[in-house]
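Below is one structure, written out as structure tokens; the observations come after it.
What follows is calculated from the coordinates using simple rules that are stated; it is not laboratory data. Please read all numbers here as calculations on a predicted model, not as lab measurements. Because the Cβ atoms are built from the backbone with ideal geometry, glycine has one as well, and the counts that use them run over all protein chains shown.
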Amino acid sequence: MIDVIDEARLYQTLGNKIRELRLDSGRAQRMTQADLANAVGLERTSITNIEKGTQKVPLFSLYRISDALKVPLEELLPSMSDVQTESVQRTADVQSIVSEQAEVGRPMLGRALGNILGSTPGEPNGT
């Protein structure tokens, strides 16, 4: 099985987004970590660790955080491309190159590049 999500990257990206929204200058008043912690029922140190990406966030806490920050839950969540493992990102890049070359009428070049850069899942790499 391919490990699609890099957990460390997931929690770091999520924490960065929470901090960014908490400190958003467009808000009527910026929230401190203590303000957010009080609003969601956590300790300030938990907010610090969440923002650093060193503490996993329970789903119910994400709902509370999104409510306290007055943003939809989806706005907190990183995109899949932001949290994919390097190998999955590389495979997606190779697939994109192969597709682009096929679209412009150079399928052999696309396949050759795919073989050089690495195979896509389930395909031989030419070795």
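A few comments on the model shown:
- Summing +1 for each Lys or Arg and -1 for each Asp or Glu among the other residues whose beta-carbon sits under 12 angstrom from that of Thr45 gives 0.
- Ranked packing of 72-84, 6-18, most packed first, by mean Cβ within 10 Å: 6-18, 72-84
- Ordering of 49-56, 38-45 by packing is 49-56, 38-45, highest average first (other Cβ atoms within 10 Å, averaged per residue).
- Global geometry of the range 35-84, whether rounded, prolate or oblate, following the gyration tensor of its Cα atoms and the 1.5 cut on a/c: oblate
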